1. Stretch residue 29-residue 109 to full length: gain in nm at 0.36 nm per residue minus the Cα-Cα span?
2. Among 29-38, 124-133, how do they line up from the highest to the lowest mean number of other beta-carbon atoms within 10 Å?
3. On a full-extension model of 0.36 nm per residue, what is the gain between residue 5 and residue 19, subtracting their alpha-carbon distance, rounded to one decimal in nm?
4. Can you give the FRET efficiency for residue 126 and residue 39, using 1/(1 + (r/R0)^6), R0 = 41 Å, r = Cβ-Cβ distance, to the nearest 0.05?
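Read-outs: derived from the displayed coordinates by stated rules, not from any lab. Please read these numbers as outputs of a predicted model, since none were measured by experiment. Counting neighbours? That spans all protein chains shown, and the Cβs are built from the backbone with ideal geometry, glycine included.
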Amino acid sequence: MGVHSTTNMMAAGFSYTGCGDTAYCNLCKLEVSDWTTDMNPFYIHAQRSPECKFVRSIFPDPITSGSAPSNAFTTILAYSDDEKATKRHKIEIAQTSCPPRLIEVDIVKRARKRAFSNWPHRISPSSAQMIEAGFFNCNVGDRVICLYCNIICQQWTPNT
């Protein structure tokens, strides 16, 4: 395990290999080691492997070295184990200017929709139900994650 939580790494498309702090993407085969706290896992993934299916499912336009992911998505990934501090941070962002808050909600919903573009379940639970429930698809089987409470769910059956 490294400086970033397993959940945070999974949300960025990585899983730890068990060798030091090396993380690996199953889709593009990118391996990254020597993580530091100032490294944003999703930005690193997008920067080093811009054509990765996971990265493109979130941001269809490639991220160049001079640009970073939108603040809305960075905020989503920047949660910690201290849920109250995270909520306080999000509230502070929302209070600084109201219009971006509305845009952030739309951006988050669009990111969720893109993340579920390869959702294996066609009937129940549908991708629309999962998006409405606030989950992100991990692109590993039918595994989903809630970035607000760090819950990972998988092995879905109809009507669950």
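1. Details: separation 80, 0.36 × 80 = 28.80 nm, distance 2.72 nm.
Once the chain is fully extended between residue 29 and residue 109, it gains 26.1 nm.
2. On the way: 29-38: 12.4, 124-133: 15.3.
Output ranking for 29-38, 124-133: 124-133, 29-38.
3. Details: separation 14, 0.36 × 14 = 5.04 nm, distance 1.52 nm.
This chain segment gains 3.5 nm when fully extended.
4. Numbers: r = 35 Å, r/R0 = 0.86.
E between residue 126 and residue 39, to the nearest 0.05, is 0.70.
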